[in-house]
Amino acid sequence: MLSVKDLHARIGEKEILKGINLEVKAGEVHAIMGPNGSGKSTLASVLGGREDYEVTSGSAHFLGKDLLDLAPEERAAEGLFLAFQYPVEIPGVSTTNFMKSAINEIRKYRGQEAMDAVQFLKMFKEKMAYVNIDQSLLSRALNEGFSGGEKKRNEIFQMAVLEPKLAILDETDSGLDIDALRIVAEGVNKLKSPDNATIVVTHYQRLLDYIIPDFVHVLYNGKIVKSGTKDLALELEERGYDWIISALD
Amino acid sequence: MLHNDTKNTLINLSELSGASSESLANFMDKGFPTNKWEEWKYASLKSLNEVSLSWTPEPVSREVELPLFQQTLTIQTLNGQTSCLGDLPKGLSSMPLNQFLDQNAGFKALYDKRNPLLEQNSLYHLNDAFNQNPLVFCVEKDGALAASLVHQWVLEAHSGPTAIQGKIILYLEDGSSLTWIEQQSSLASEALLFSNYALEIWVGEQAHLTLYKDQDLGNGVTHIDHTFIYQAANSQVDLFTFSINGTFVRNNLHFYIEGPQVVSNLNGLYVPGEGQLIDNHSVVDHRMPHSESNELYKGVLLGNATGVFNGKIFVRKDAQKTNAFQSCKNVLASDRATMNTKPQLEIWADDVKCSHGTTTGQLSEEALFYMRSRGISADAARTLLLLAFVQQVIDKVQITSLRDHLSAKIISKIEQSWIA
Ligand SMILES: Nc1ncnc2c1ncn2[C@@H]1O[C@H](COP(=O)(O)OP(=O)(O)O)[C@@H](O)[C@H]1O
Ligand SMILES: [Mg+2]
């Protein structure tokens with residue numbers, strides 16, 4: 001589904017990704033862990049198409065298409081979803097309106113007919129139950145004045161609505177208390193199917209108690225320096241990152 | 001007097017008969033404003049001093065489409081000639097100023113003591129020179145017109161540069177109310193049009209005026225709009241200026257608060273595009289105590305548009321306990337657009353609450369990426385953010401059909417600008 005080969009990216013003069021290799025297949029859950037500043041969000045942003053980053057070499061393919069050739073909105077329409085570490089405030093636009101625009105733009109891209117108000121309402125009701133989100137939150141300007149937990153829950157709601165093939169969740173657990181974490185994780189698990197895949201970017205092992213990964217990768221200094229199964233995450237929880245880092249030097 | 005060698009316009013002017021010589025002299029003394037005038041720094045009309053304008057426009061040649069805002073009456077001013085399409089509704093009367101002054105002593109008293117601020121306003125004098133006896137529309141005491149009146153200011157140039165002037169006076173007697181929807185438009189033409197329009201309004205005690213301006217003028221039109229409003233005690237005015245199109249639009253909007261407990265709400269929304277300049281100069285003159293003015297202007301500047309906002313608030317010595325608020329927010333939707341803002345508060349009273357704020361910014365790149373990552377195209381994302389920005393003003397329009405009409409024009413203008 002996703003095939004990243006020797007991906008290098010920089011911002012300004014600073015090289016941040018220094019040769020990333022990653023293969024994700026349908027039905028899999030991958031966790032990307034690593035200390036702060038190692039490049040996890042950068043990888044997520046580059047895959048999402050943020051224009052601040054310049055890809056200097058390497059490739060990324062998604063469902064057979066050259067991902068790096070596509071605009072961010074085309075990537076979304078192809079089925080990529082990025083849950084932001086820091087969801088952005090969209091002044092004056094409610095989640096409901098925002099999602100209507102997104103859905104209909106994507107449907108247009110795919111050559112499908114626009115959804116009408118009745119269809120939206122039905123679908124929204126269904127998805128709201130997934131993440132236990134309140135209608136009142138969806139009527140407010142998106143992310144404006146939302147608490148950390150509300151922002152993350154809203155990200156998962158959007159994901160539920162858009163039904164992506166590949167979801168990249170960037171530190172979706174950070175800033176969540178344990179109840180919110182459980183709700184978010186349950187949402188992600190409910191959306192899991194043999195046809196889609198998830199990349200969970202996280203700092204802590206905690207989230208992985210709820211979302212069980214098939215593979216765990218350690219990103220350090222712009223490279224994946226170690227990969228393993230969920231046992232690796234447990235080991236990281238116990239021993240920290242230092243043993244991996246010192247083994248590199 | 002100006003030199004007569006290059007000032008063709010003025011030569012033509014002085015040959016016209018029927019003008020008030022005093023007002024004309026006032027204009028001739030200064031001519032068209034240039035950017036050397038402080039109040040016209042960003043919006044010079046210097047070039048009009050050199051153009052040979054025709055001052056006697058031919059009648060409009062085509063039928064003008066009537067809007068469907070469920071109005072009780074449509075009034076048209078076609079190339080400066082005003083007429084009513086249909087009978088006046090009960091409670092509304094209309095006659096030329098001189099006749100009205102003879103019949104309505106209350107109005108005459110107000111009219112005689114009028115004292116507008118006319119500094120750097122040579123175009124008001126020019127208008128006045130040729131509009132000595134304009135039509136007055138009067139809403140009778142305690143009368144409330146059930147539906148709104150539409151006034152269409154329509155321009156059409158025939159051959160060559162044309163000047164079109166006109167004036168209307170509204171008088172809301174004590175306790176009356178009126179909704180006035182003004183549509184300013186022009187019929188397609190390439191020729192230069194100079195439009196100089198004045199609307200003077202006296203709002204009686206306890207009276208309530210709602211005034212909407214829909215300015216949608218074609219290429220080549222320079223439109224000057226003088227709207228002067230005199231408010232008596234306990235009156236309220238809700239005014240909206242929607243400036244959607246026009247090569248050069250200058251609004252001189254004056255509020256004279258002449259009694260206590262007055263409420264003046266000024267709302268403006270402008271969306272100038274490629275090759276367009278929209279200039280809103282407002283004056284709120286608090287002359288009496290215990291009154292309140294709220295000014296909310298929003299601008300979206302597309303292409304290489306220029307916007308100007310100058311908001312003067314005067315709080316005179318006697319105007320204690322005044323509350324005056326002003327806000328002007330702008331988005332430069334293109335990096336070729338410019339916006340000039342200047343709030344100007346002059347306060348002589350000591351017990352007042354005044355605040356003002358202007359901002360000019362660009363759309364957030366972060367927000368745009370976030371939206372695009374959800375599948376919304378860059379253009380659609382920009383449109384969505386801009387509409388959200390202007391919604392605050394549009395939502396205040398109480399007439400659904402008018403709100404939809406304005407909204408549709410603004411959306412289409414913003415969308416068109418991405419294609420260009
Ligand atoms: N916009 C930026 N400008 C400059 N440096 C950046 C920018 N974004 C990220 N970086 C740098 O890139 C490195 C990786 O950052 P990031 O991808 O956010 O790490 P992580 O998500 O793993 O904590 C850090 O050193 C960070 O300072
Ligand atoms: Mg990060």
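The values are calculated or read from the model by the stated rules, or taken from the named source; none is laboratory data. Being a predicted model, the structure only gives us computed values, none of them experimental. Methodologically, a virtual Cβ is constructed for each residue, glycine included, from the backbone with ideal geometry; neighbour enumeration extends over all protein chains shown. We work out accessible area using only protein heavy atoms, side chains counted, and drop any ligands, DNA or RNA first. Shrake-Rupley method; radii C 1.70, N 1.55, O 1.52, S 1.80 Å.
Here are the numbers for this structure:
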read-out: Any hit, segment A:93-115, residues being away from ligand 2 (no atom under 16 Å from the Cβ), buried (at least 18 other Cβ atoms within 10 Å of the Cβ), part of a loop (DSSP other than H, G, I, E, B) and over 21 Å from the mean Cα position of the chain (by Cα); value: yes
read-out: Any pair with Cβ under 8 angstrom, 6 or more apart, that starts in segment A:97-108 at a residue that is farther than 20 Å from A:Ser136 by Cα and ends at one that is acidic (Asp, Glu); value: A:Glu105/A:Glu73; A:Arg107/A:Glu113
read-out: Tabulated pairs, segment A:155-175, first within 16 Å of ligand 2 (Cβ to nearest atom), second among the charged types (D, E, K, R), C-beta under 6 angstrom, 6+ apart or interchain; value: A:Thr172/A:Lys152
read-out: Positions within segment B:49-91 being assigned to a strand (DSSP E or B), in contact (Cβ under 8 Å) with a residue 12 or more places away in the chain, open to solvent by 40 Å² or more (accessible area, probe 1.4 Å) and under 13 Å from B:Gln152 (Cβ atoms), in sequence order; value: B:Leu78, B:Gln81, B:Thr82, B:Leu85
read-out: Residues being among the acidic types (Asp, Glu), more than 15 Å from the chain's Cα centre (by Cα) and surrounded by 14 or more Cβ atoms within 10 Å (Cβ to Cβ) - total across segment A:7-51; value: 1
read-out: Qualifying residue in segment A:205-222 (condition: open to solvent by less than 70 Å² (accessible area, probe 1.4 Å), under 16 Å from the mean Cα position of the chain (by Cα), within 16 Å of ligand 1 (Cβ to nearest atom) and closer than 28 Å to A:Pro91 by Cβ); value: no
read-out: All positions within segment A:33-77 that are of a type in the set (A, V, I, L, M) and within 14 Å of chain B (Cβ to nearest Cβ); value: A:Ala44, A:Val46, A:Leu47, A:Leu67, A:Leu70, A:Ala71, A:Ala76, A:Ala77
read-out: Qualifying residue in segment B:273-295 (condition: closer than 18 Å to B:Trp418 by Cα, within 14 Å of chain A (Cβ to nearest Cβ) and buried (at least 17 other Cβ atoms within 10 Å of the Cβ)); value: no
read-out: Residues that are within 16 Å of ligand 2 (Cβ to nearest atom) and more than 8 Å from every other protein chain (Cβ to nearest Cβ), drawn from segment A:78-92; value: A:Ala83, A:Gln85, A:Tyr86
read-out: In segment B:5-33, the residues that are exposed (fewer than 14 other Cβ atoms within 10 Å of the Cβ), modelled with pLDDT of 70 or more and assigned to a helix (DSSP H, G or I); value: B:Ser21, B:Glu22, B:Asp29
read-out: Of all residues making up segment B:118-134, the number that are part of a loop (DSSP other than H, G, I, E, B) and not aliphatic (A, V, I, L, M); value: 7
read-out: Inter-residue pairs, beta-carbon under 6 Å, first closer than 9 Å to A:Ala9 by Cβ and in segment A:33-45, second near ligand 1 (Cβ under 7 Å from one of its atoms) and open to solvent by less than 10 Å² (accessible area, probe 1.4 Å), 6+ apart; value: A:Gly39/A:Leu219
read-out: Residue tally, condition in a helix (DSSP H, G or I) and either open to solvent by 30 Å² or more (accessible area, probe 1.4 Å) or not aliphatic (A, V, I, L, M) (or both), over segment A:59-78; value: 7
read-out: Subset tally (residues that are buried (at least 22 other Cβ atoms within 10 Å of the Cβ) and more than 14 Å from B:Glu182 (Cα to Cα)) for segment B:233-244; value: 2
read-out: Some residue of segment A:164-178 being on the phi > 0 side of the Ramachandran plot and more than 16 Å from ligand 1 (Cβ to nearest atom); value: no
